[in-house]
Each structure stands twice: as C-alpha cells, then as structure tokens.
Amino acid sequence: MKNGTKIQTKFYDYLERFNIDVNNITSIILKCCEKGGQVKFFANIYGCTFYRKMVLKEIKAAALKPMSKVLHIGSGPLPLTSIYLAKSGFLVDAIDNDSSAIEKAIQVVKKIGLEGKIQFKEIDGTKVDCSKYDAVWISFIVYPKEEIIRKVIADLKSGGKVIYRNPRSWWLKAWYQPVETNGFSCKAIKVKQPLGKESVIITKN
Ligand SMILES: C[S@@+](CC[C@H](N)C(=O)[O-])C[C@H]1O[C@@H](n2cnc3c(N)ncnc32)[C@H](O)[C@@H]1O
C-alpha cells in the first residue's frame, strides 16, 4: 500500500499525521454515505454536484432505451445511483448484501417522494440473476467486483450493458485496484468522471 512515487509517500505521511488509516478508507467512505443519507443538505450537495452528472454521463454512453429495466448492485444506504436512474425514467431494482443499508435506502427514497419507483432487495451481487435486465450498474465499492462483473456479463442477453466504476487517478488507484476490460472480450468504452474515477460501459456481444 505504501509503495509508490515520492508524492504518494508524502500523501500517506500526511494522512498518518491526522491519524487517517489508509487501509481503512473503504469503511470511512461507507460511514460517510450512511451518515450523509440522514442529512438532507449533504445528500443534496453530494448528489447534485457529483452523482447526478456521473450517472447522466453513464446513461448517455450506454444509449439505453426509455423504460429500460435496470439493476443496481451495491445500492448502499444513500442510493444516489438508483435515484438518478429512477429519475431518468428507468425501471430500477436495487440490491445490497447489507440489510441495514437496504432499510436506510428505503427511508431515503420515501423522504424524497420516489417510493415505489425503486424496488430494493437484500441479496449478494454474486447470487442475483441478471438475465431479465437491459443494463446492470455496479457500484465502485463492491466485492468481489471482477467476479460480479463476469457473472453479470454471463447472465445478460446479447446487447445488454454493464456499467461499473474504476479508479482513474493515482491516488485512488493506491487504494483500489481497477478491473481491466481486456479479459471480458466485449466492446468497452470508458468515460472520465470527477473525483479520480472513470466509468466503464461494456456491451455484451
Ligand atoms: C458505498 S455504497 C455505494 C452506493 C452509492 N451511494 C451509489 O449510489 O452508487 C456500496 C455498497 O455496496 C454494498 N456491497 C458491497 N459488496 C456487495 C456485494 N457483493 N453484493 C451486494 N452489495 C454489496 C455495500 O454493502 C455498500 O452498501
């Protein structure tokens, strides 16, 4: 984790000075999402400045038909991807393997008046059947990500899309391994996103 360029090493030293455990960054992000979902102001800012643009770029790149049936794997306690997919007119199912994330997400969606527009279910991404979907979104932090992507591709009909997020910047790559596209033997396009991320859109042959 601590190997890397001089700048990376300096960055890690800086984080350590503030007692931020670089190995525990995922739990910090998940905590922020959980707490953020309960604070309307934070959820709005985070949603409008980052998620909305990211999801709209992904929808455009995936070129989905209106009313397409989509699944979001790893929807989390603040299910912003699912929310912007539902607001864009898609029929959205959302899953998470954490029951408390599902409970919180249902409350968030109720609060913003989207009740009934997203169907939530507690199930692991490695076990869900994706064959009835036109597109499947996979969150940045899901494990085992590559295994889930492979299963989704295997389940989908020809022409079905998989949308997942990778780290793009060196600082995000220091914590998260990108899932390379060359092993999937499908057409893949990449879309640059803010906060050091990129989206990958795969079309099943
Ligand atoms: C940070 S949240 C991402 C949600 C984000 N706010 C969004 O809208 O895209 C990641 C969620 O993925 C879930 N997760 C991780 N691995 C999973 C798996 N194998 N199957 C289902 N959910 C998973 C976690 O429980 C967590 O709630």
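The values are calculated or read from the model by the stated rules, or taken from the named source; none is laboratory data. These numbers were taken from a predicted model, which means no experiment stands behind them. Quick reminder, even Gly has a Cβ in these numbers, built from the backbone with ideal geometry, and neighbours come from all protein chains shown. Protein only, heavy atoms only, side chains kept; ligands, DNA and RNA dropped before computing areas. Shrake-Rupley method; radii C 1.70, N 1.55, O 1.52, S 1.80 Å.
Just the residues that are farther than 20 Å from TYR51 by Cβ, near the ligand (Cβ under 9 Å from one of its atoms) and aromatic (Phe, Trp, Tyr), please, taken from the range 103-154.
TYR143
Using the structure shown, decide if ARG168 is surrounded by 15 or more Cβ atoms within 10 Å (Cβ to Cβ), in contact (Cβ under 8 Å) with a residue 24 or more places away in the chain and closer than 22 Å to LYS57 by Cα.
So ARG168 fits the description; yes.
Out of the residues in the range 129-141 meeting the condition of being out of contact with any strand residue (DSSP E or B) (no Cβ under 6 Å at 6 or more places or on another chain) and within 22 Å of TYR84 (Cα to Cα), tell me which one is least open to solvent (accessible area, probe 1.4 Å).
By that ranking, first place goes to SER139.
Any residue at all in the range 135-145 that's without any contact (Cβ under 8 Å) to a residue 40 or more places away in the chain and more than 16 Å from the chain's Cα centre (by Cα)?
So far as the range 135-145 goes, no, none of its residues is without any contact (Cβ under 8 Å) to a residue 40 or more places away in the chain and more than 16 Å from the chain's Cα centre (by Cα).
Write out, first by first residue and then by second, each pair whose Cβ atoms fall under 7 Å of each other, whose residues are 6+ apart or on separate chains, and whose first residue, in the range 188-199, is in a strand (DSSP E or B) while the second is acidic (Asp, Glu).
Listed by first residue and then by second, the contacts come to LYS190/GLU198; VAL191/GLU58; VAL191/GLU198; LYS192/GLU198; SER199/GLU58.
Taking the options LYS40, LYS57, LYS69, name whichever one is among the basic types (Lys, Arg), at pLDDT below 95 and open to solvent by 30 Å² or more (accessible area, probe 1.4 Å).
Answer to the check: LYS40.
So which residues in the range 155-175 are among the β-branched types (Val, Ile, Thr) and away from the ligand (no atom under 11 Å from the Cβ)?
VAL162
Which is surrounded by fewer than 17 Cβ atoms within 10 Å (Cβ to Cβ), within 19 Å of TYR51 (Cα to Cα) and within 14 Å of the ligand (Cβ to nearest atom), of LEU91, LEU195?
Just one listed residue meets the conditions, LEU195.
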